[in-house]
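Only one structure is covered here, and it is reproduced in the block below.
Every number here is computed from the coordinates shown, using simple stated rules; none is lab data. Here the structure is a predicted model, which is why all the values come from computation and not from measurement. Cβ placement follows ideal geometry from the backbone for every residue including glycine, while neighbour counts extend to all protein chains displayed.
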């Protein structure tokens, strides 16, 4: 892969990061992972308590990308047709016309997705996997690029519907924002004292440019030893004694592509083992299900994956460099 392509991806990534960081303070890791999801044309699930900045992150990214943006506020009375769109009878033309729903945008925010009913949540599956929607038996493609960012509150359980495993598996990454530090709190107060910096954000990359660098990202080199490392990690989750459900082939492919995107954003044309170790928790944990007895003992998927990452041998970096050369 040409160094110029990597430099372009890195430069665009830095521009988007810098733009988003005018609003989001002290969350460089979350912004970088969101950009990795965008480069992979994957979807992002942001889980954290209210007021942390989940919705603000989604809005800041959409404004930085120069893409069309729609927001879906998920509630128990939301219908699938409220998302996909529906046909409306036009009295002037005496014909039915399709009125597109909010899913027909390039960047879609599904706010508090776990407040929507399972029937409505399932309406998102086709869009997330096939990049299309079906209304009244007619299939309509979604615009490209297409990115769904969903938020959910893990604390409040009343009136919520947990996402099924099939839907969780469609999210490339699951991240948490976390509370800011006291120093970051001071910066936040300073920035929001007089106005909302989100209103001043302007796009730093066009949709066409984004499609071009997405295609280039998949050309980032992954050595055979690193591929074997990804395979061993994936299989280890399927054999771990505390896990009922391990990582699927889709999860393995997601880990593969996410490491490519991360390497490109960090200015490298090749993936190193540290990229795999860094991204694995964000790609795999939400896809792993502990056994019932393990759950009762308080053993979590995060702990199981941590044990796997510590036990599976890591390729020697010199070997990876030799193969790349």
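Tabulated data
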| quantity | calculated |
| --- | --- |
| DSSP bridge pairs, the chain: antiparallel proportion in percent, nearest 5 | 40 |
| Packing-based ranking, highest mean first, of 117-129, 180-192 given that Cβ atoms within 10 Å are counted | 117-129, 180-192 |
| The chain, Rg to Rh (Cα coordinates; Rh as Kirkwood inverse mean 1/r) | 0.98 |
| Zero-based 5 Å bins, Cα pair distances in region 220-324, whole percents | 2, 14, 24, 23, 17, 10, 6, 3, 1, 0 |
| Beta bridges by DSSP in region 28-198, antiparallel share as percent, to the nearest 5 | 40 |
| log₁₀ of I(q)/I(0) at q = 0.11 Å⁻¹ - region 1-134, Debye sum with one point per alpha carbon | -0.50 |
| Ranked 229, 179, criterion: other C-beta atoms within 10 Å, fewest first | 179, 229 |
| Segment residue 21-residue 3, length gained on full extension (0.36 nm per residue, minus Cα span) | 3.8 nm |
| Relative contact order of region 157-265, pairs being alpha-carbon contacts under 8 Å that are 6 or more residues apart, as % | 27 |
| Ordering of 86-92, 204-210, 167-173 by burial proxy (mean other Cβ atoms within 10 Å per residue, highest first) | 167-173, 204-210, 86-92 |
| Region 220-324: relative contact order in percent, alpha carbon pairs under 8 Å with at least 6 residues between | 38 |
| Protection-proxy order for peptides 137-143, 64-70, 76-82, each taking the mean of Cβ atoms within 10 Å per residue, highest first | 64-70, 76-82, 137-143 |
| Under the Debye formula (equal points on every Cα, no solvent term), log10 I(q)/I(0) of region 237-282 at q = 0.13, 0.17, 0.18, 0.34 Å⁻¹ | -0.34, -0.52, -0.57, -1.20 |
| Helix 182-191 axis, angle to the chain major axis (alpha carbon atoms, nearest 10°) | 30 |
| Choice from 112, 130, 18 showing the highest fluctuation, given a GNM over the chain with Cα pairs closer than 10 Å | 130 |
| Rounded Å value of the spacing that divides the Cα centres of region 1-50 and region 73-110 | 30 |
| Helix 54-65 axis, angle to the chain major axis (alpha carbon atoms, nearest 10°) | 90 |
| All-pairs alpha carbon distance profile, region 105-192, 5 Å steps from 0, percent | 3, 11, 19, 19, 16, 12, 9, 7, 3, 1, 0 |
| Relative contact order (percent, whole number), the chain, Cα cutoff 8 Å, 6+ residue spacing | 23 |
| Dimensions (Å) - region 94-249, Cα atoms, principal axes, largest first | 58, 53, 43 |
